[in-house]
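Below: the structure, in structure tokens.
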Amino acid sequence: MTRRFELASAGSEVPQPRTPVSLRPDLLTVPVSEPRSGVLVVAPAGEVDLSTAGLLREVAFRAVDAGPKGLVVDLSGLLFCGSTGLVVLMDTRSRADAGGVSFRTAAAGRAVRRVLQITNLLDVFRHCDSLDEAIAEIA
């Protein structure tokens, strides 16, 4: 099934889902922005679990497929990230690496950062403490 995406404002071709791929769209939103040319930021806000991970996967994969220089997943808006969310982040990183797209995560709140620490994913995701730091590393 093909999903349609709208172009973001300000003339950039940032993928935005027209129809959420989620059993609970009220639990997660996933905006995408391009704060610096060639660097896309996917900023999930809410909770990532089995019922919402599909939306994050679709938006993140579309962002990678858009061919930016780099992709940052800003985790500051997440209240919860379950194992399914971690799998989505791992798959996104793999897809980015395969496509030559630099990948980082940034700015996780205490609960999400603890999950990344416990699973030893901070280094795997080249996690940065702030969004600005992650963007600067890519640019």
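Quick note: the coordinates plus some simple rules give every number you see, no bench work behind them. What you see is a predicted model; the values in this text were computed from it and never measured. Virtual Cβ from ideal backbone geometry, glycine too; neighbours counted across all protein chains shown.
Summarising the amide proton neighbourhood of PHE103: residues at separation of 5 or more, or on other chains, whose placed amide H is nearer than 5 Å comprise LEU71.
Each residue of segment 109-118 was assigned a 3J(HN,Hα) from its phi angle through the Karplus expression (A = 6.51, B = -1.76, C = 1.60, θ = phi - 60°), giving x, 4, 5, 6, 4, 5, 4, 5, 5, 4 Hz with x at Gly and Pro. Each label point was placed 7 Å from the Cα along the Cα-to-Cβ direction; for SER76 and ASP97 their separation is 2.7 nm. Scan around CYS81 for amide H atoms under 5 Å from its own, H built in the peptide plane at 1.01 Å from N, and keep only partners 5 or more places away or cross-chain. Amide H to amide H, under 5 Å and 5 or more residues apart or across chains, CYS81 pairs with VAL48. Checking the a/c ratio against 1.5 first, then a/b against b/c, what shape does the Cα gyration tensor give for segment 71-139? Cα axes put segment 71-139 in the oblate bin.
So if R0 is 22 Å, what FRET efficiency would VAL87 and ARG110 give, r being the distance between their Cβ atoms, rounded to the nearest 0.05?
0.55
Given charges of +1 on the Cβ of Lys and Arg and -1 on the Cβ of Asp and Glu, with all other atoms neutral, how large is the dipole of segment 14-139 about its Cα centre, in debye to the nearest 20?
Roughly 100 debye, rounded to the nearest 20.
With θ taken as phi - 60° and the Karplus curve 6.51 cos²θ - 1.76 cosθ + 1.60 applied, the whole-hertz 3J(HN,Hα) list for segment 66-77 is 6, x, x, 5, x, 10, 10, 9, 7, 8, 5, x Hz, x standing for glycine and proline. If the chain linking ASP123 and ALA139 were pulled fully straight, counting 0.36 nm for each residue of separation and taking away their Cα-Cα distance, it would gain 3.9 nm. Per-residue Karplus couplings for segment 46-56, computed as 6.51 cos²θ - 1.76 cosθ + 1.60 with θ equal to phi - 60°, are listed in order as x, 10, 10, 9, 4, 7, 10, 4, x, 5, 4 Hz, Gly and Pro entered as x.
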